[in-house]
């Protein structure tokens, strides 16, 4: 399993009461995971929450992957919108190509927002035949 822990400036340990119940997503299709994660991410700012942690792991036969999202309570109006994009490939060379294609597609959808990378990880499925990458992008502020 690989984590994208989103760092909060000046924030020490977080009280578990500030964290949401984790939300789980499982699919062999990276675009399905991105769609479902983005649907939840789209609701966080209005609920005065922000992305706290995102984990990704290979999840069994059929090349499935499991993503786990945890959000954190924040002061009203201080949440920063986030989106994710995903990509998949069989090896390191293809991962680079697929990452570039996925980033270009993401930039086409959001040409002037979500410009800051908040985190990035790649994991393999249980049989090691496919690897999936996930990138968290944060809306640019200021």
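The values are calculated or read from the model by the stated rules, or taken from the named source; none is laboratory data. None of these values were measured; they are calculated from a predicted model. Quick reminder, even Gly has a Cβ in these numbers, built from the backbone with ideal geometry, and neighbours come from all protein chains shown.
Within the stretch 103-125, can one find any residue that is free of Cβ contacts under 8 Å to residues at least 12 places away in the same chain and under 22 Å from residue 28 (Cβ atoms)? Within the stretch 103-125, none of the residues are free of Cβ contacts under 8 Å to residues at least 12 places away in the same chain and under 22 Å from residue 28 (Cβ atoms).
Among all positions in the stretch 6-20, there is no residue which is assigned to a helix (DSSP H, G or I), touching a strand residue (DSSP E or B) at 6+ places or on another chain (Cβ under 6 Å) and modelled with pLDDT of 90 or more.
Of all the residues in the stretch 51-76, those that are modelled with pLDDT under 90 and in contact with a helix residue (DSSP H, G or I) (Cβ under 6 Å, 6 or more places away or on another chain) number 3. One residue stands out among those in the stretch 93-102 that are touching a residue at least 24 places away in the same chain (Cβ under 8 Å) and farther than 18 Å from residue 138 by Cα: the one that is surrounded by the fewest Cβ atoms within 10 Å (Cβ to Cβ), which is 95.
Would it be correct to say that residue 23 is within 10 Å of the chain's Cα centre (by Cα), surrounded by fewer than 18 Cβ atoms within 10 Å (Cβ to Cβ) and at pLDDT 90 or above? Against the criterion (within 10 Å of the chain's Cα centre (by Cα), surrounded by fewer than 18 Cβ atoms within 10 Å (Cβ to Cβ) and at pLDDT 90 or above), residue 23 does not qualify.
Determine, yes or no, whether residue 90 is in contact with a strand residue (DSSP E or B) (Cβ under 9 Å, 6 or more places away or on another chain), more than 21 Å from residue 51 (Cα to Cα), touching a residue at least 24 places away in the same chain (Cβ under 8 Å) and surrounded by 11 or more Cβ atoms within 10 Å (Cβ to Cβ). When the stated conditions are applied, residue 90 passes them.
Name the residues in the stretch 74-87 that are out of contact with any strand residue (DSSP E or B) (no Cβ under 6 Å at 6 or more places or on another chain) and surrounded by 17 or more Cβ atoms within 10 Å (Cβ to Cβ), would you? If the condition is that a residue be out of contact with any strand residue (DSSP E or B) (no Cβ under 6 Å at 6 or more places or on another chain) and surrounded by 17 or more Cβ atoms within 10 Å (Cβ to Cβ), then 81 is the only one that fits.
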